[in-house]
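> Take this structure, written in structure tokens, and hold onto it; I'll ask about it next.
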Amino acid sequence: MKEFYVYIMASRNGVLYVGMTNDLEIRVKQHKAQQTPGFTQKYNVTLLMFFETFPTALQAIEAEKKIKGWRREKKVKLIESKNPTWRDLSEDW
């Protein structure tokens, strides 16, 4: 069964990025290697702070859009509800 992920990455300066993927490990490695020019490369967004799994792409896309529409404070609360110490969740990969 395929899984889809919504995730939040952060920079050391606290810049947040919300994304969606069907392969979280590969996507996070791409962010860390700064392989794709754009926002995450420009702001050095390389730390995985939060992720949630969904059974369908449509559900993940809907969740991504919802979270992207939130104010920063609500995103921070979401991160801290699962990751209160802001540990890079991918550090052991």
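Laboratory data are not the source of any read-out in this text; all were calculated from the coordinates shown. Worth saying up front: this structure is predicted, and the values here are computed from it rather than measured. Heads up, the Cβs are rebuilt from the backbone with ideal geometry, glycines too, and the neighbour counts pull from every protein chain shown.
> Using the structure shown, decide if LYS29 is over 11 Å from the mean Cα position of the chain (by Cα) and in contact (Cβ under 8 Å) with a residue 60 or more places away in the chain. Steps first, answer last, please.
Working: over 11 Å from the mean Cα position of the chain (by Cα): yes; in contact (Cβ under 8 Å) with a residue 60 or more places away in the chain: yes.
Yes; evaluated as a whole, the condition is true for this residue.
> Go through (1) assigned to a helix (DSSP H, G or I); (2) surrounded by 13 or more Cβ atoms within 10 Å (Cβ to Cβ) one by one and return the number of the condition SER81 breaks.
Unmet for SER81, out of (1) assigned to a helix (DSSP H, G or I); (2) surrounded by 13 or more Cβ atoms within 10 Å (Cβ to Cβ): (2).
> Every residue in the stretch 32-70 that is in a helix (DSSP H, G or I), in contact (Cβ under 8 Å) with a residue 40 or more places away in the chain and in contact with a His (Cβ under 9 Å, 6 or more places away or on another chain), please. Full working, then the answer.
Our first condition is that a residue be in a helix (DSSP H, G or I); within the stretch 32-70, this holds for 32-33, 39-42, 57-68.
When the remaining residues are screened for being in contact (Cβ under 8 Å) with a residue 40 or more places away in the chain, the result is 32, 57, 59-61, 63-64, 67-68.
Selection gives nothing.
> Scan the stretch 39-67 residue by residue and report those that are closer than 22 Å to GLU25 by Cβ and of a type outside the set (A, V, I, L, M, F, W, C).
Answer for the stretch 39-67, where residues must be closer than 22 Å to GLU25 by Cβ and of a type outside the set (A, V, I, L, M, F, W, C): THR40, GLN41, TYR43, ASN44, THR46, GLU52, THR53, PRO55, THR56, GLN59, GLU64.
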